[in-house]
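All remarks here apply to the structure that follows.
The values are calculated or read from the model by the stated rules, or taken from the named source; none is laboratory data. Everything quoted here is computed from the prediction, not taken from an experiment. A quick note on method: Cβ atoms are made from the backbone with ideal geometry, for glycine too, and the neighbour counts reach across all protein chains shown. Side chains included, ligands, DNA and RNA excluded: accessible areas come from the protein's heavy atoms. Shrake-Rupley method; radii C 1.70, N 1.55, O 1.52, S 1.80 Å.
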Amino acid sequence: ANSTVNFPVNGCFLINSTLWVHNTTGLTINGNNTCLVQLVAPAVPAPFIFLTQDISLAMSNMVTVGAYNGTNGGTGQEGDYGLQLEADHGVTLTHLNVNDIQGDFINLSAPNTGDTGSDTSLNTNVSVSNSTFTNAGYHGLTVESVNGLDVNGDTFTNMGVDAMDFEYDVYSTGFDAQGNPQEAAQDNVSITNDKWINFQDTWFSSLQGQSPGVQQQNVLLVNNTIDAHSPLIAITATNPYVTPSQYWNK
């Protein structure tokens, strides 16, 4: 706990499977521009970097190069995320350089892989800043589960489908006995001062009209630069006249 990992300056490491950082507290990872390389895609789609149940984790100055060659991405490889976060609390990602990812660049996913046990908490207080993301076979930024996300000063280039996917498929938000959202909700999200270049479908897609609904509240989209021949915003939410307000998209 409360330690620092310093990678060698401009080093290079071959990552044959997932780099999994689990259940740490106060960990700082300084990449020192080290490159993590994946030459061959996993036989079963899996994240390049997987963060689960970490508290106050900081990662900076890391370069990742995946196995996407421009043709081997898409729906079947969506799980080949560049970074996947589940039930993390206080994560700061800055000055990352993420390249050639077969699936999504980043997925703040619901804790449903089984790797967090009975913990179904949302990701909280996540920051992604001053980073570059280039060549994704599927989505750019996927947000299923978070309360408090700040994406600021980043550049996302070349995405196979939506630039941003706020979509928790099929299921609805769960709530604990105190009424706090569990597993999946998308609250207090700020997407500001970012560049989004060349995506194929929609810039901001939020298609989750299932019943009773997925809570999505206080999403801010400000001062972004968008360069693509694609639609901008698509939102489908549960009808507020047929579901309690805790499930509303506001």
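Here are the numbers for this structure:
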| item | result |
| --- | --- |
| Environment charge at THR18 (Cβ cut-off 12 Å; Lys +1, Arg +1, Asp -1, Glu -1) | -2 |
| Contact order relative to length of the chain, as percent, for alpha carbon pairs under 8 angstrom and 6 or more apart | 13 percent |
| Student exercise, region 1-143 dipole from Lys, Arg, Asp, Glu Cβ charges, in Debye to nearest 20 | 280 debye |
| Backbone HN-Hα couplings from phi across region 153-160 [Karplus 6.51/-1.76/1.60, Hz, Gly and Pro as x] | x, 9, 10, 10, 10, 6, 10, x |
| Burial ranking of peptide ranges 240-248, 109-117 (average Cβ count within 10 Å, highest at the top) | 109-117, 240-248 |
| Test item: Cα-centred dipole of the chain, Lys/Arg +1 and Asp/Glu -1 on Cβ, debye | 340 debye |
| Gap separating the Cα centres of region 1-70 and region 225-250, nearest whole Å | 33 Å |
| Sulfur and carbon atoms: percent of accessible area, region 25-117 [1.4 Å] | 52 percent |
| Sequence ranges 16-28, 96-108, 64-76, 191-203, ranked by mean other-Cβ count within 10 angstrom, highest first | 96-108, 191-203, 64-76, 16-28 |
| Gained length - ASN193 relative to ASP115, 0.36 nm times residue gap less alpha-carbon distance | 24.7 nm |
| For ASP150, residues with placed amide H under 5 Å, excluding near neighbours | VAL126, SER127, VAL128, SER190 |
| For region 16-92, accessible area per residue (1.4 Å probe, heavy atoms of protein chains only), Å² | 39 Å² |
| Beta bridges by DSSP in region 99-231, antiparallel share as percent, to the nearest 5 | 5 percent |
| Sequence ranges 210-218, 40-48, ranked by mean other-Cβ count within 10 angstrom, highest first | 210-218, 40-48 |
| Sulfur and carbon atoms: percent of accessible area, region 118-214 [1.4 Å] | 42 percent |
| Nonlocal amide H pairs with THR157, under 5 Å, H built at 1.01 Å | PHE133, THR134, ASN135, ILE197 |
| Estimated vicinal HN-Hα couplings, Hz - region 143-148 in sequence order (Karplus 6.51, -1.76, 1.60; Gly, Pro = x) | 10, 10, 9, 6, 10, x |
